[in-house]
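Bear in mind that the values in this text are calculations on the coordinates, not laboratory data. All of these numbers come straight from a predicted model, not from anything done at the bench. So basically every Cβ, Gly included, is an ideal-geometry build from the backbone, and we count neighbours across all protein chains shown.
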Amino acid sequence: MAMQGQLTKAKFGYSVPVDAPLYEPFPVFYEDSTFLTFPYVTSADAAAALLPEQFELEPGPDGAAGKLAYAKVLFAKYGFSTYGAYNEVAQVIQARYKGPVPAGFSADVGFAVRLHVDTDIAMAAGREIGGFPKKLGHIEIHESPMFSASLDSPKGLRICSGEMNAFAKVAEQKLLPPAMQTRALPYASLRVLPNPDLSVPYTPSVCQIIYTEWVLSEGTFWSGRGALSFTGASALNPYHTLPILEQAQPMSLTNPNGMMMYRGKMTISKVAVLENF
């Protein structure tokens, strides 16, 4: 008689391969992290075309006129994390989730449009847990003589880049307002798992709105002066479809959402499904 398989759900690891999981559950802890954050003003029409109907755009600087919206690109260098060291690029739209949110969560989020990382663990965990639409890319972040960062995909095809002079501390950590001493960055993303049934029209097996919170702590915020640019060279990684209409001013105590660099620790521990649809 043939021997029956012995693998049951009770023996599964957290992720596949179930006998040797690629990654473990949240929380994820980061140290020696550097963020270069480039907020900018973009077209509301372009942003709305990439935003699920469960959200509405945060009003842009033109207010009720509704022609402008806020977006940002973040370049990150993680010197250490419990998912390993890696680099990341993220493009997000500032928006508000219109459905109910649990206590302690924020309806005002950065909606993740597209991301690139340079390790398989960071890509798989981000996509499979958080719904972040991550791809692999070639990401460089340099610290001298000024901070600069770039994304190629594939290597040699430049997608976007940023330069920044981190010229002044916003304030010593202990002097910052309480809301900035430990800064939570709430994100929302669209988690889609395709259905193996290939009959048309295609319907995902899973379609969810996921909430994730990145908490920055024990670090320093620096005012940044510089510029973000898109090459428009790729139709497959179209960061340029959210055009840069106006670059942000440097971060300050009166402009906490300005261009900035952060160096310190980060934790991602809060993640939840906001909606199945």
Report task. Of all residues in the stretch 97-142, count the ones that are closer than 22 Å to Met259 by Cβ and either without any contact (Cβ under 8 Å) to a residue 60 or more places away in the chain or in contact with a Gly (Cβ under 6 Å, 6 or more places away or on another chain) (or both). Result -> 4
**Report entry** Single unsatisfied condition, Val192 versus (1) out of contact with any Cys (no Cβ under 6 Å at 6 or more places or on another chain); (2) in contact (Cβ under 8 Å) with a residue 40 or more places away in the chain
**Finding:** (1)
Report summary line: How many residues of the stretch 24-55 are in contact with an Asp or Glu (Cβ under 8 Å, 6 or more places away or on another chain) and aromatic (Phe, Trp, Tyr)? The answer is 1
Query raised in the report: Restricting to the stretch 60-84, what's the tally of residues that are in a loop (DSSP other than H, G, I, E, B), touching a residue at least 24 places away in the same chain (Cβ under 8 Å) and on the phi < 0 side of the Ramachandran plot?
Result: 4
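Among the listed residues Pro145, Pro154, identify the single one that is surrounded by fewer than 13 Cβ atoms within 10 Å (Cβ to Cβ), under 21 Å from the mean Cα position of the chain (by Cα) and outside any helix (DSSP H, G or I).
Working: Pro145 fails: under 21 Å from the mean Cα position of the chain (by Cα).
Of Pro145, Pro154, the one residue that is surrounded by fewer than 13 Cβ atoms within 10 Å (Cβ to Cβ), under 21 Å from the mean Cα position of the chain (by Cα) and outside any helix (DSSP H, G or I) is Pro154.
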Report task. Sort out which residues of the stretch 44-59 are in contact (Cβ under 8 Å) with a residue 24 or more places away in the chain and in contact with a strand residue (DSSP E or B) (Cβ under 7 Å, 6 or more places away or on another chain), and write them in order of number. Result -> Ala44, Ala47, Leu50, Leu51, Pro52, Gln54, Phe55, Glu56, Leu57, Glu58
Report summary line: Scanning the stretch 243-274 residue by residue, those buried (at least 16 other Cβ atoms within 10 Å of the Cβ) and farther than 19 Å from Phe35 by Cβ turn out to be Leu245, Val271, Leu274
